[in-house]
Amino acid sequence: RKEVEQDPGPFNVPEGATVAFNCTYSNSASQSFFWYRQDCRKEPKLLMSVYSSGNEDGRFTAQLNRASQYISLLIRDSKLSDSATYLCVVKEMNYGGSQGNLIFGKGTKLSVKP
Amino acid sequence: NAGVTQTPKFQVLKTGQSMTLQCAQDMNHNSMYWYRQDPGMGLRLIYYSASEGTTDKGEVPNGYNVSRLNKREFSLRLESAAPSQTSVYFCASSEVDGDTQYFGPGTRLTVL
């Protein structure tokens, strides 16, 4: 099985802190990358896609390093509502007969404290 | 627009019982997926349906069957439940196979 590895955490940070999560993937042919967010006992939801040039969405910045097969997520000015598990997701091309299946990391847990 | 819906939300079964988990989406998506999520294991793909009329095995298909009833609905059946199938089951859909996936709220299944 192709792997997506993440530090499980937990990362315990104070409100307002900057926190970074990293993720590595094993299949160099992977083409698409995402960060999903999963709240406790809820379903995963797409946070943002990760583009080769890096991309930003408000307080969230995602970076991709294809040479090192490494993805990162930076959260600035952490809010209490950012507390969740963050899943690194990689799209595998040509998995079986599919155009590509998503491979999920096990997630990194973030807890933002007042 | 409800997105992806799943029934039931919770279920307790005895070993050997059968049941069907239901999933429906109202986004006119072509592709649908069933995952299970276990502590420390992350999300694992059980079966998927790239388009109406097709189904394929994922990473952990043993003990499960699926039916793509129509474009909206994709059901997962446990013919003879085992304790190892205790898990949270998520259904997801995407516009096309391999695209961003949208998840339902999950079914929490316990097999005694």
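A Förster distance of 35 Å, applied to the separation of the beta-carbon atoms of B:ALA82 and A:TYR70, puts the FRET efficiency at 0.35.
The packing ranking of peptides B:9-21, A:102-114, highest mean first, is A:102-114, B:9-21, where packing means the average number of other beta carbon atoms within 10 angstrom of each residue. By the Cβ distance rule (another cysteine Cβ under 4.7 Å), the unpaired cysteines of chain A are A:CYS40. Distant-in-sequence amide contacts of A:GLN31, defined by a placed amide H-H separation under 5 Å and a gap of 5 or more residues or a different chain, comprise A:LYS91, A:MET93.
Could you compute the net charge surrounding A:ALA84? Neighbours are other residues with a C-beta less than 13 Å from the C-beta of A:ALA84; K and R count +1, D and E count -1. Present the calculation step by step, with values, prior to reporting the outcome.
On the way: positive: A:ARG37, A:ARG41, A:LYS42, A:LYS45, A:LYS79, A:LYS109; negative: A:ASP39, A:GLU43, A:ASP82.
Once all neighbours under 13 Å are counted, the net charge is +3.
Run down the aspartates and glutamates and flag those whose C-alpha is under 14 Å from the C-alpha of A:LYS113, throwing out any fewer than 8 positions away in its chain. Qualifying aspartates and glutamates at Cα under 14 Å: A:GLU15, A:ASP77, A:ASP82. With a 10 Å cut-off around each Cβ of B:93-100, the average count of Cβ atoms from other chains is 4.
Which whole-number percentage describes the relative contact order of chain A, with Cα contacts under 8 Å and a sequence gap of 6 or more? Walk me through the intermediate numbers first.
Values: 287 pairs, mean separation 41.6, N = 114.
Across chain A, relative contact order equals 36 percent.
What FRET efficiency would be calculated for the residue pair A:ASP77, B:THR7, taking the C-beta separation as r and a Förster radius of 30 Å, to the nearest 0.05? Present the calculation step by step, with values, prior to reporting the outcome.
Values: r = 39 Å, r/R0 = 1.31.
For R0 = 30 Å, the calculated efficiency reads 0.15.
Contact order for chain B, expressed relative to its length and based on alpha carbon pairs under 8 Å spaced 6+ residues apart, stands at 36 percent.
The charge dipole of chain A, taken about the Cα centre with unit charges on the Cβ atoms of Lys, Arg (+1) and Asp, Glu (-1), comes to about 200 debye, rounded to the nearest 20.
Net charge within 12 Å of A:LYS109 by Cβ-Cβ distance, Lys/Arg positive one each and Asp/Glu negative one each, not counting A:LYS109 itself? The partial results should precede the final answer.
Numbers: positive: A:ARG37, A:LYS106; negative: A:ASP7, A:ASP39, A:ASP82.
Computed value for this residue: -1.
When the Cα centres of region B:19-60 and region A:1-57 are compared, how far apart do they sit, in Å? Distance between centres, Cα-based: 21 Å.
Lys and Arg at +1, Asp and Glu at -1: add these up for the other residues within a Cβ distance under 13 Å of A:PRO14 and post the number.
Numbers: positive: A:LYS79, A:LYS113; negative: A:GLU15, A:ASP77, A:ASP82.
Combined, the nearby Lys, Arg, Asp and Glu give -1.
Any chance you could run the full-extension gain for B:LYS57 through B:MET27? It's 0.36 nm times the residue separation minus the Cα-Cα distance, nm to one decimal.
Values: separation 30, 0.36 × 30 = 10.80 nm, distance 2.34 nm.
Contour length minus the Cα-Cα distance gives 8.5 nm.
Mind checking which lysines have their C-alpha under 28 Å from A:LYS106, skipping anything on the same chain fewer than 8 residues away? Partners within reach: A:LYS2, A:LYS42, A:LYS45, A:LYS79, A:LYS91, B:LYS9, B:LYS57.
Read-outs: derived from the displayed coordinates by stated rules, not from any lab. Everything numeric in this text was worked out from a predicted model, so none of it was measured. Cβ: placed from backbone, ideal geometry, glycine included. Neighbour counts: every protein chain shown.
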